[in-house]
Amino acid sequence: MISRRPMALTISHKEWLVYLLQCSDNSLYCGVTKDLDARIRMHNAGRASKYTRARLPVNCVAQSPPMTKSRAFKLEYHIKRLPADKKIAHVRMGKIPGPKKAKQIKKPTLSRP
């Protein structure tokens, strides 16, 4: 027998967020989640990460626009490699910069007599 359960309402694949927390020692912590409020509560309860557990309380200072899971983890990786002063702006933009263009080396031209 075929099940005739109703289809769920449109499931958005763009529901992941990258977030940036400021810890009590002013350090920054970057993470990925689908439910930001619940994740911040977990951090402040000391159940989300060893890093933030020792630096409570934490406050959210930036969050990205919704995106796919893949893009969120790529953005998180990129953010973690940035210096602290650039992290907040990059999270808020939610954009991963493209690869830097390699400098083109001019080939020496042979001069013919």
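The values are calculated or read from the model by the stated rules, or taken from the named source; none is laboratory data. Bear in mind that the values here come from a model prediction, so they are computed numbers and not experimental data. Every residue, glycine as well, gets a Cβ built from its backbone with ideal geometry; the counts of neighbours run over all protein chains shown. We work out accessible area using only protein heavy atoms, side chains counted, and drop any ligands, DNA or RNA first. Shrake-Rupley method; radii C 1.70, N 1.55, O 1.52, S 1.80 Å.
Figures for the structure shown
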{"read-out": "Qualifying residues in the stretch 20-79 (those that are part of a loop (DSSP other than H, G, I, E, B) and aliphatic (A, V, I, L, M)) - the one least open to solvent (accessible area, probe 1.4 Å)", "value": "Val58"}
{"read-out": "Residues of the stretch 24-55 classified as in contact with a helix residue (DSSP H, G or I) (Cβ under 6 Å, 6 or more places away or on another chain) and over 21 Å from Gly94 (Cα atoms), total", "value": "4"}
{"read-out": "Residue list for the stretch 80-110, restricted to those being open to solvent by 60 Å² or more (accessible area, probe 1.4 Å), modelled with pLDDT of 85 or more and of a type in the set (A, V, I, L, M, F, W, C)", "value": "Ala84"}
{"read-out": "Filter pass, Leu9 being open to solvent by less than 40 Å² (accessible area, probe 1.4 Å), part of a loop (DSSP other than H, G, I, E, B) and modelled with pLDDT under 95", "value": "no"}
